[in-house]
Amino acid sequence: MSVAVKFHEIRKDFGPVRVLHGVSFELAPGRIHGLLGENGAGKSTLMKILAGYEAPSAGEIAIDGETRRFEGSREAEQAGIVLIHQEFNLAEHLTIAQNIFLGHEKRRGLLVDDTAMRREARELLAQVGLARDPDTKVRDLIVAEKQLVEIAKALSRHARLLIMDEPTATLTPAETARLFALMERLREDGTTIVYISHKLDEVERITDDVIVMRDGRFVAASPTAGLARQQMANLMVGRDVSDMFPHKTEARADAPVALRVSGLAVPGWVEDLSFEVRAGEILGFAGLVGAGRTEAFEAIVALRERSAGVVEIDGRPVPLRHPRDAVRHGLAYLSEDRKGRGLHMNLSLQDNLTLMTLDRYGKLLLDPKAERRALERAVREFGIRTGDLASRARMLSGGNQQKLALAKFLQPDPRVIVLDEPTRGVDVGAKRDIYFLIQRLAASGRAVVVISSELVELIGLAHRVAVMRAGRLVATLGRDHLNEEELIAHATGTH
C-alpha cells in the first residue's frame with residue numbers, strides 16, 4: 001500500500017514573507033527519498049503541508065492521483081501520512097505507552113484498554129530497539145530515548161508515507177543502524193519514506209533518491225547512487241563547499257595549559273575524569289550518547305553537582321559554585337540545548353547578544369546605540385543572516401541561531417570555550433561557517449573544547465580527541481590516530 005505524491009506549484013506565505021516559491025516534484029511510491037537543503041530551504045514547511053499541519057497558500061498536492069488538502073494532521077494520518085517532528089511532540093508527564101497512543105487510545109467498550117496499549121507498545125519499542133518499560137514516564141527518558149518513542153509512536157499509526165525530520169540527531173551509531181534496518185523493512189513492506197537530514201553520509205547510505213531544495217525552491221532530483229556527497233552539498237548551498245574544514249595548524253606543545261581538570265566525579269555519570277587543554281588547541285570529546293561528556297562539563301561550570309574534582313584555569317584552582325563564576329573566570333560553556341539554555345527565543349537578537357555583559361552598555365541606563373553597534377559587529381563577524389536586526393531569535397534558522405549563541409557566549413571574552421554539539425541540526429553551509437569560526441577562536445589563543453557525536457567533525461577540527469565510555473576517559477588520541485575506526489573502537493570498548 002505505497003503512496004505516490006505529486007507537488008504542483010506549491011507556494012506558502014507567512015504574512016508578507018514567501019517561504020515556498022512554486023515547488024513542484026514527485027515522490028515515487030515505496031522508496032526512501034532523501035530531502036536535502038539548508039535551514040530555511042523550505043523542507044520542513046513543505047512536509048508540514050503534506051502532513052496537514054500547514055495549509056498551502058497556492059498549489060496542489062496529488063496523492064495516488066487524487067488532489068488532496070488536509071484540514072489537519074489527524075486527517076492526514078487517516079490517509080496514512082505521518083510526520084515525525086524534529087522537535088519532540090511528547091507529553092512529559094505521561095508514560096511511553098500513553099504517549100504512543102495519545103489521541104488514538106485503544107478501548108474495551110467505553111474504557112481505555114491499558115493492557116492492550118502496554119502490550120502493543122512493548123512490541124513497538126522492540127522494533128525501534130528501546131529497552132524500556134512502557135509504563136516509564138517520558139520525563140525520565142534521555143533525549144535519544146525520546147526520539148525512539150517518537151518513531152514508535154509513528155509506527156503505531158501504520159503509516160503508508162512516513163516523514164522523518166532529523167531522526168538520528170540524538171541517536172548513537174548502534175541506534176542509527178537499528179533505525180536504518182527498520183526503514184529498510186518498512187520500504188520492503190511498501191512504505192514510502194521521506195528522510196530529512198543534514199548528515200550526508202547517512203543520506204548516501206539509506207536513501208534511494210535525493211531531492212534538493214534551496215531558498216524555498218526545488219533545485220534537483222536524482223537517484224542517490226548518481227550523486228557524491230560533495231555534489232549534494234554543492235547543490236544545497238549553490239556553491240562549491242569542498243573546503244568544508246579549515247586547514248589544521250599544529251597546536252603549540254609549549255603553549256600554557258588554559259584548562260586543567262583533575263579527578264572529576266559526577267554522581268551517576270562520571271568517575272575520575274582528568275584532562276587538560278592548552279591555549280590555541282582544539283580538544284574534541286567523543287563518546288556514545290550517555291557516555292557522560294555533557295554531564296562532565298555541566299558539572300565543571302556548576303550546572304550540575306559534582307562530588308569531587310579540581311578545576312584549574314590558567315594554572316590556578318578556581319571555585320566554580322555557580323555558572324556566573326565560570327564566566328567570571330573566563331570559561332564559557334555553550335549547551336547542546338541552544339533553545340533551552342543558549343538563547344531566549346522570544347527576545348530580540350540584540351537583547352540575546354548583550355544579556356551576559358549588560359554592564360558594558362551602561363550603569364543606571366542601557367545605551368541602545370552601543371548595543372546596536374555590538375549587534376551589527378556580531379552579525380558581520382559571525383556571518384549571522386537576518387533580514388531584520390530587530391527580529392526575535394526564534395525567527396532565525398537553526399544555523400543562524402547557533403551563530404548568535406556563539407556570539408553571545410563570546411561577549412565576555414572567555415579564555416576557554418566549551419561547545420557542546422555546536423552543529424547539531426545545522427545545515428552544511430552554516431556548519432562550514434561554524435568550523436572556520438572555531439578555528440579562528442583557537443588561532444586567537446583561546447582553548448576550545450568541542451563535544452560532538454559527529455566523528456568526521458572531530459577528525460576535521462580537533463588537534464586531539466578524548467574518548468569517553470560509561471563515564472570514564474578511555475583514550476586521548478593525537479593527530480596520527482584520528483580516524484573513525486579507532487574512535488568508534490574506543491567508544492564502544494572493542495579496541
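When each of A302, A332, A326 is tested for being under 29 Å from V261 (Cα atoms), in a helix (DSSP H, G or I), modelled with pLDDT of 85 or more and aliphatic (A, V, I, L, M), the lone residue that passes is A326. All of (1) under 30 Å from R372 (Cβ atoms); (2) free of Cβ contacts under 8 Å to residues at least 12 places away in the same chain; (3) not acidic (D, E) hold for A405 with one exception: (2).
Residues being in contact with a helix residue (DSSP H, G or I) (Cβ under 9 Å, 6 or more places away or on another chain) and touching a residue at least 40 places away in the same chain (Cβ under 8 Å): count how many of those fall in segment 141-157.
Going residue by residue through segment 141-157, those that are in contact with a helix residue (DSSP H, G or I) (Cβ under 9 Å, 6 or more places away or on another chain) are 141, 144-153, 155-157.
From what's left, touching a residue at least 40 places away in the same chain (Cβ under 8 Å): 141, 144, 146-147, 149-153, 156-157.
Final tally of qualifying residues: 11.
Scanning segment 453-480 for residues that are over 18 Å from T170 (Cα atoms), basic (K, R) and in contact with a helix residue (DSSP H, G or I) (Cβ under 9 Å, 6 or more places away or on another chain) gives a single hit, R464.
Out of all the residues in segment 111-129, is one or more closer than 30 Å to G292 by Cα, among the aliphatic types (A, V, I, L, M) and surrounded by fewer than 22 Cβ atoms within 10 Å (Cβ to Cβ)? Before you say what the answer is, go through the steps one by one.
Filtering segment 111-129 down to residues closer than 30 Å to G292 by Cα leaves 121-129.
Filter once more, so that each one left must be among the aliphatic types (A, V, I, L, M): 121, 124-126, 128.
The next check asks that each one be surrounded by fewer than 22 Cβ atoms within 10 Å (Cβ to Cβ); those that pass are 126, 128.
Checked segment 111-129: at least one residue is closer than 30 Å to G292 by Cα, among the aliphatic types (A, V, I, L, M) and surrounded by fewer than 22 Cβ atoms within 10 Å (Cβ to Cβ).
Condition check for A253 on (1) in a loop (DSSP other than H, G, I, E, B); (2) of a type in the set (A, V, I, L, M); (3) in contact with a helix residue (DSSP H, G or I) (Cβ under 8 Å, 6 or more places away or on another chain): one failure, at (3). Among strands (runs of 3 or more DSSP E) entirely within segment 21-94, having at least 2 residues that are touching a residue at least 60 places away in the same chain (Cβ under 8 Å) and crowded, with 21+ Cβ neighbours inside 10 Å singles out 32-36, 81-84.
If you scan segment 4-20, which residues turn out to be β-branched (V, I, T) and surrounded by 21 or more Cβ atoms within 10 Å (Cβ to Cβ)? Give the steps one after another, and end with the answer.
As a first pass, look at segment 4-20 and keep what is β-branched (V, I, T): 5, 10, 17, 19.
Matches in segment 4-20: I10 only.
Looking at L288, L273, can you tell me which residue is crowded, with 16+ Cβ neighbours inside 10 Å, within 30 Å of D337 (Cβ to Cβ) and modelled with pLDDT of 95 or more? Before you say what the answer is, go through the steps one by one.
Working: L288 fails: modelled with pLDDT of 95 or more.
On inspection, the qualifying residue turns out to be L273.
When we screen I151, I163 for residues that are modelled with pLDDT of 90 or more, under 25 Å from G425 (Cα atoms) and among the β-branched types (V, I, T), the only hit is I163. Criterion applied to S391, S397, S452 was being among the hydroxyl-bearing types (S, T, Y) and at pLDDT 90 or above, and the one residue passing it is S452.
Which members of segment 180-204 meet the condition of being closer than 20 Å to V149 by Cβ, under 17 Å from the mean Cα position of the chain (by Cα) and not polar (S, T, N, Q)? If the condition is that a residue be closer than 20 Å to V149 by Cβ, under 17 Å from the mean Cα position of the chain (by Cα) and not polar (S, T, N, Q), then Y195, I196 are the ones that fit.
The values are calculated or read from the model by the stated rules, or taken from the named source; none is laboratory data. Please read these numbers as outputs of a predicted model, since none were measured by experiment. Neighbour counts are summed over all protein chains in view; Cβ atoms, including those assigned to glycine, are modelled from backbone coordinates with ideal geometry.
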